[in-house]
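The values are calculated or read from the model by the stated rules, or taken from the named source; none is laboratory data. Because the structure is a prediction, the values reported are computed rather than measured. Don't worry about glycine lacking a Cβ; one is built from the backbone with ideal geometry, like all the others, and counts go over all protein chains shown. Surface accessibility is based on the protein's heavy atoms, side chains included, excluding ligands, DNA and RNA. Shrake-Rupley method; radii C 1.70, N 1.55, O 1.52, S 1.80 Å.
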Amino acid sequence: MSTTTMSSLSLFGDREKGESVRTQNMTAAVAISNIVKSSLGPVGLDKMLVDEVGDVTVTNDGATILKMLEVEHPAAKVLCELAQLQDEEVGDGTTSVVIIAAELLRAADELIKQKIHPTTIINGYKLACKESVKFIQDNLSIPAADLGKNCLLNVARTSMSSKIIGADRDFFANMVVQACELIKFTNTKGDTKCPIKSVNILKAHGKSSRESIFVKGYALNCTVASQLMPKTIKNAKIACIDFSLQKAKMKLGVQVIVDDPSKLEAVRQREADITKERIQMILNAGANVILTTGGIDDMCLKYFVDSGAMAVRRCKKEDLKRIARATGASFVASLTNLEGEESFDAAFLGAAEEISQTRICDDELILIKGTKVKPAASMILRGANDMYVDEMDRSVHDSLCAVKRVIESKKVVPGGGCVEAALSIYLENFATSLGSREQLAIAEFAHAMLVIPKTLVVNAAKDSTELVAKLRAFHNASQTIEAKKNFKWIGLDLENGKCRDNKEAGVLEPEMSKVKSLKFATEAAITILRIDDMIKIYQPSKEDPNSYANAVAQGRL
């Protein structure tokens, strides 16, 4: 029902209330979920997205798909933001979080049609989410240390199995784990941290994906500014600067009026000397490698060549910030100090064991090895074309995030629909133990959990009814019969279309990924479920009264 409000406060817009708004919101959420549903799992399909310019993106990453869609419905936007949140917080599981949230909304809509109040459903969902998280942590969580050194490799393989590089997952999993092992460190509180921003991923199309390489050190996609400079420097002292080293020019609007033409040359000389003094200041501080985001003109290059220093221009600001963190350098935006004078202190310099220009694949790269403060790693990905290489980049990033979560939280859970099936059985039994109205909401939450195993099986072109029934039977036995407790690790084997022990098979995911996706999906469903009134204000018309059409209509022309 759509009515225009004509109360004492008149709104120039539409107001929709009650059931129709909820049904609309649910339909929008399910539509978004259906877009990404077929891309879930190791045999999920890819989506081709073409933007208004004609650029093509081929991906099956839920967050990327939803980010590129132009969604107008406000409830659907909540799900798109949900995928982005999962991507930022965890890095993996973006598709499943959207599917679960949409299924929870669909279940809630059914309950509302049976005259159950939304507040009861919301309370039931909150309780179910709390119990689910507790059950995962108490019963399904496995300490990574118990599974040995292959645990991280298995997590990386599982993350990649649904991606474009799934066929080469053993090769890439090794690279990802090597990178994470290299950059991890223990902070002052004794926590293990793995800053994946220290891993620089470079893309170069050409050759096959198996010819991608892992490099110990930070690879910078730049070359030295002059061929006369040294290509390798040991015990490098690095200056990271964020301004151009070019002949000084007067700022816009500044004029120099010269009475005596003979003094004109002195003005020009001073312009040249300003930059020379700046370069001399940096070199005198002990710098032998200068990385800048700006340009360096030929006149200034001469000073670096004469002093035997290496200068690299037009570096990305993002790269320089990472190098500064790894080497202990300061990212210098200006030489001006607090007194208003220009100076460059030796404390601004970072240190590395070696910096060299190396030819890797077809490109020349600057490699920074043995960084002083934090270790750094780089991957150079090869592929047939730009679309393929971009999707490889997204896949490797998701895998790095999954391994990072396991290193930091030290907990994993079995994958392949195992967690969702176990939760479904547990919550069904838990619901029957409650004597309140929330029982129905929790039972629907339990049923909604099965959407993940069902979608996985449908995408694998297998019989979902039979396989999910078998999976539920295993998990029911594990929770009711003490002798069959080990059945709790059983999940789906989608290649062969049967159930198997996924702990033994090495299909593992970070515990944090499952817990966060459950929490986020429940919160998103509750947010949309709370809405029972939608007021849409009309956009004021931007018609120009002086336009040609209006002038003709009014007889002015």
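When 238, 213, 201, 274 are checked against the criterion of being touching a helix residue (DSSP H, G or I) at 6+ places or on another chain (Cβ under 6 Å) and open to solvent by 20 Å² or more (accessible area, probe 1.4 Å), 201 stands alone in meeting it. If I filter the stretch 43-61 for residues that are under 23 Å from residue 423 (Cα atoms), in contact (Cβ under 8 Å) with a residue 12 or more places away in the chain and either open to solvent by less than 30 Å² (accessible area, probe 1.4 Å) or not in a helix (DSSP H, G or I) (or both), do I get at least one hit? No: zero hits.
Among the residues of the stretch 259-279, is there at least one that is of a type in the set (A, V, I, L, M, F, W, C) and at pLDDT 85 or above? So far as the stretch 259-279 goes, yes, one or more of its residues are of a type in the set (A, V, I, L, M, F, W, C) and at pLDDT 85 or above. Please indicate, with yes or no, whether at least one residue in the stretch 490-510 is within 30 Å of residue 124 (Cβ to Cβ) and of a type in the set (D, E, K, R). Looking for residues that are within 30 Å of residue 124 (Cβ to Cβ) and of a type in the set (D, E, K, R), one finds at least one in the stretch 490-510, hence yes.
Scoring residue 88 on the criteria (1) without any contact (Cβ under 8 Å) to a residue 12 or more places away in the chain; (2) part of a loop (DSSP other than H, G, I, E, B) leaves a single failure, condition (2).
With a requirement of 2 or more residues that are of a type outside the set (A, V, I, L, M) and surrounded by fewer than 17 Cβ atoms within 10 Å (Cβ to Cβ), the helices (runs of 4 or more DSSP H) lying completely within the stretch 109-198 that satisfy it span 118-135, 169-183.
Of the set (1) among the aromatic types (Phe, Trp, Tyr); (2) farther than 30 Å from residue 287 by Cβ; (3) surrounded by 20 or more Cβ atoms within 10 Å (Cβ to Cβ), all apply to residue 218 but (2).
Yes/no per residue for (1) buried (at least 17 other Cβ atoms within 10 Å of the Cβ); (2) among the aliphatic types (A, V, I, L, M); (3) under 27 Å from the mean Cα position of the chain (by Cα):
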{"residue": "303", "(1), (2), (3)": "yes, no, no"}
{"residue": "306", "(1), (2), (3)": "no, no, no"}
{"residue": "309", "(1), (2), (3)": "yes, yes, no"}
{"residue": "315", "(1), (2), (3)": "yes, no, yes"}
{"residue": "321", "(1), (2), (3)": "no, no, yes"}
{"residue": "327", "(1), (2), (3)": "yes, no, yes"}
{"residue": "332", "(1), (2), (3)": "yes, yes, no"}
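What residue, of 486, 502, 459, is free of Cβ contacts under 8 Å to residues at least 24 places away in the same chain and under 28 Å from residue 157 (Cβ atoms)? Only one candidate passes the filter, namely 486. Close Cβ contacts (under 8 Å, 6 or more residues apart or on different chains) running from residues in the stretch 312-323 that are more than 16 Å from residue 301 (Cα to Cα) to residues that are open to solvent by less than 100 Å² (accessible area, probe 1.4 Å) and in a helix (DSSP H, G or I) comprise 322/198.
Taking residue 424 as the residue in question, decide whether it is small (Gly, Ala, Ser) and either open to solvent by 10 Å² or more (accessible area, probe 1.4 Å) or farther than 19 Å from residue 139 by Cα (or both). No, not satisfied.
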